[in-house]
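Taking it in order: structure first as structure tokens, then the write-up.
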Amino acid sequence: MWFASPMPFVNDPAVIRGLLTTPGRWAVVGLSANRDRAAYNVSGYLQRVLGMEIVPVHPKAETVHGAQGFAHLGDVPGPIDVVDLFVNSRHVGAVVDEAIAIGAKAVWFQLDVIDDAAAARAEAAGLKVVVDACPAIEGPRLGIG
């Protein structure tokens, strides 16, 4: 017997625009000092072009773009506006649960990072959610930055 999967999450363009135009503190989970990784370039765009404060979150807790890194999302002092997810889809659910627990205002699942159940949990908890998108693509597309 065939069972339909849950409806995939659909991004709200107003949420994307709002997150990219409202100054905020973005925890970039999966950000390291490796310049060859997408997280490095996207976080640079967030910081330099959009004026966001970035917080690197990676097990190595490296300083990236001049910002102090932390090993875990829960280690970051102070409020977080957006949790930007550069992690494998298999692991994103636990990070989303941690984002909910710390009181983040939004979660942004990067390109090819998809977990509809985690997105639904975040939305049900009152967080804004963007799935399978990149700020460095969406910003220019919307004429932001």
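The values are calculated or read from the model by the stated rules, or taken from the named source; none is laboratory data. Given the structure is predicted, the values throughout are model-derived calculations rather than measurements. Every residue, glycine as well, gets a Cβ built from its backbone with ideal geometry; the counts of neighbours run over all protein chains shown.
Yes/no per residue for (1) small (G, A, S); (2) out of contact with any Lys or Arg (no Cβ under 6 Å at 6 or more places or on another chain); (3) farther than 18 Å from R25 by Cβ; (4) at pLDDT 95 or above:
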| site | (1), (2), (3), (4) |
| --- | --- |
| N88 | no, yes, yes, no |
| I100 | no, yes, no, yes |
| G103 | yes, yes, no, yes |
| A106 | yes, no, no, yes |
| D116 | no, yes, yes, no |
| A122 | yes, yes, no, yes |
| A125 | yes, yes, yes, yes |
| K128 | no, yes, no, yes |
query = Going by the structure shown, is A94 at pLDDT below 95, assigned to a helix (DSSP H, G or I) and aliphatic (A, V, I, L, M)?
reply = no
Matching option when the condition is over 13 Å from L31 (Cβ atoms) and β-branched (V, I, T), among I54, I80 = I80
ask   = Within region 35-64, can you find the residues that are within 11 Å of P135 (Cβ to Cβ) and part of a loop (DSSP other than H, G, I, E, B)?
value = L50, M52
key: Matching residues, region 49-63, being more than 14 Å from the chain's Cα centre (by Cα) and either farther than 13 Å from T21 by Cα or crowded, with 18+ Cβ neighbours inside 10 Å (or both)   = L50, P59, K60, A61, E62, T63
task = Might you let me know whether region 35-51 holds any residue that is under 20 Å from L127 (Cα atoms) and out of contact with any Pro (no Cβ under 7 Å at 6 or more places or on another chain)?
result = no
